[in-house]
């Protein structure tokens, strides 16, 4: 690489949340005693309901009945086991969150002129 440029690498912690498979016509074995239910209002889809769940650090699963969306923080692993729901018109759905925390590296290429200009800011980050 040209010596007029500086290559910077920044490492940050990143948290990623995504939904597992949607389980249709299933409910929680423990019912309302499975955990803490937070009402997220109406949701047009399970994907949107899951986005609400992922915004909460304590959400283990998204639960929908008709178009009502709930985030559930399970009391324990066993308390949020699922079973087939009795036939209803409520169309219950469940999707468990999958969370990953890891390191993400960001690669930045700056000209030396930009580095000189940004030096007061970059020095705060150890560059």
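Specify the residue that is modelled with the lowest pLDDT; the eligible residues are those in segment 1-29 that are assigned to a loop (DSSP other than H, G, I, E, B) and either over 14 Å from residue 94 (Cα atoms) or within 22 Å of the chain's Cα centre (by Cα) (or both). For segment 1-29, the residue satisfying everything is 1.
Of 45, 76, 34, all but one fail to be surrounded by 13 or more Cβ atoms within 10 Å (Cβ to Cβ), at pLDDT 90 or above and either touching a helix residue (DSSP H, G or I) at 6+ places or on another chain (Cβ under 9 Å) or more than 14 Å from residue 92 (Cα to Cα) (or both); the exception is 34. Inside segment 61-73, residues that are in contact with a helix residue (DSSP H, G or I) (Cβ under 7 Å, 6 or more places away or on another chain) and surrounded by fewer than 21 Cβ atoms within 10 Å (Cβ to Cβ) make up a count of 0. Please go through segment 48-60 and give me each residue that is in a loop (DSSP other than H, G, I, E, B) and surrounded by 14 or more Cβ atoms within 10 Å (Cβ to Cβ), ordered by number. If the condition is that a residue be in a loop (DSSP other than H, G, I, E, B) and surrounded by 14 or more Cβ atoms within 10 Å (Cβ to Cβ), then 56, 59, 60 are the ones that fit. When each of 69, 53, 59 is tested for being touching a strand residue (DSSP E or B) at 6+ places or on another chain (Cβ under 9 Å) and closer than 15 Å to residue 21 by Cα, the lone residue that passes is 53. Does residue 50 qualify as being at pLDDT 95 or above and either over 10 Å from residue 97 (Cβ atoms) or within 19 Å of the chain's Cα centre (by Cα) (or both)? When the stated conditions are applied, residue 50 does not pass them.
Is it fair to say residue 104 is closer than 24 Å to residue 17 by Cα, modelled with pLDDT under 90 and in a loop (DSSP other than H, G, I, E, B)? It is false that residue 104 is closer than 24 Å to residue 17 by Cα, modelled with pLDDT under 90 and in a loop (DSSP other than H, G, I, E, B).
The values are calculated or read from the model by the stated rules, or taken from the named source; none is laboratory data. Since the model is a prediction, treat every value here as computed from it, not as a measurement. A quick note on method: Cβ atoms are made from the backbone with ideal geometry, for glycine too, and the neighbour counts reach across all protein chains shown.
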